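J.: Shown below is the structure under consideration.
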């Protein structure tokens, strides 16, 4: 079965909906059934996005993408540096 991909905005919406349903007195099983997610997914989402607003979630996503880009840049520069060191020592 194909896995659904949810955006940060959708996840935050689901978490808010779950809070409303729990506040109305529904039990957790009914809330999870209404959201159509598993308990593991709900608790993982709550851990990652629990206290975030929509703007904070967008900023988090941007920072994660920038971090990945910078890690790739560092890896490429490190590889270039190692190649230059190897060439300068004459061991090729």
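The values are calculated or read from the model by the stated rules, or taken from the named source; none is laboratory data. Please read these numbers as outputs of a predicted model, since none were measured by experiment. Ideal geometry is used to build each Cβ from the backbone, glycine not excepted, and the neighbour counts take in all protein chains shown.
J.: Being surrounded by 17 or more Cβ atoms within 10 Å (Cβ to Cβ) and part of a loop (DSSP other than H, G, I, E, B) is the filter here; which residues of the stretch 13-49 pass it?
T.: The answer is 37, and nothing else.
J.: Still on this model: Within the stretch 22-38, work out how many residues are more than 16 Å from residue 4 (Cβ to Cβ) and in contact with a helix residue (DSSP H, G or I) (Cβ under 9 Å, 6 or more places away or on another chain).
T.: Of the residues in that region, 6 qualify.
J.: Return yes or no: is residue 90 at positive phi and either under 19 Å from the mean Cα position of the chain (by Cα) or surrounded by fewer than 11 Cβ atoms within 10 Å (Cβ to Cβ) (or both)?
T.: Values: at positive phi: yes; either under 19 Å from the mean Cα position of the chain (by Cα) or surrounded by fewer than 11 Cβ atoms within 10 Å (Cβ to Cβ) (or both): yes.
In short, yes.
J.: Across the stretch 1-12, what is the number of residues that are outside any loop (DSSP other than H, G, I, E, B) and out of contact with any helix residue (DSSP H, G or I) (no Cβ under 9 Å at 6 or more places or on another chain)?
T.: From the stretch 1-12, those outside any loop (DSSP other than H, G, I, E, B) are 8-12; that's our starting set.
Add one more test, that the residue is out of contact with any helix residue (DSSP H, G or I) (no Cβ under 9 Å at 6 or more places or on another chain), and what stays is 10.
The qualifying residues number 1.
J.: Listed residues 63, 52; which is modelled with pLDDT under 95, assigned to a loop (DSSP other than H, G, I, E, B) and out of contact with any strand residue (DSSP E or B) (no Cβ under 6 Å at 6 or more places or on another chain)?
T.: Numbers: 63 fails: assigned to a loop (DSSP other than H, G, I, E, B).
From the options 63, 52, the qualifying one is 52.
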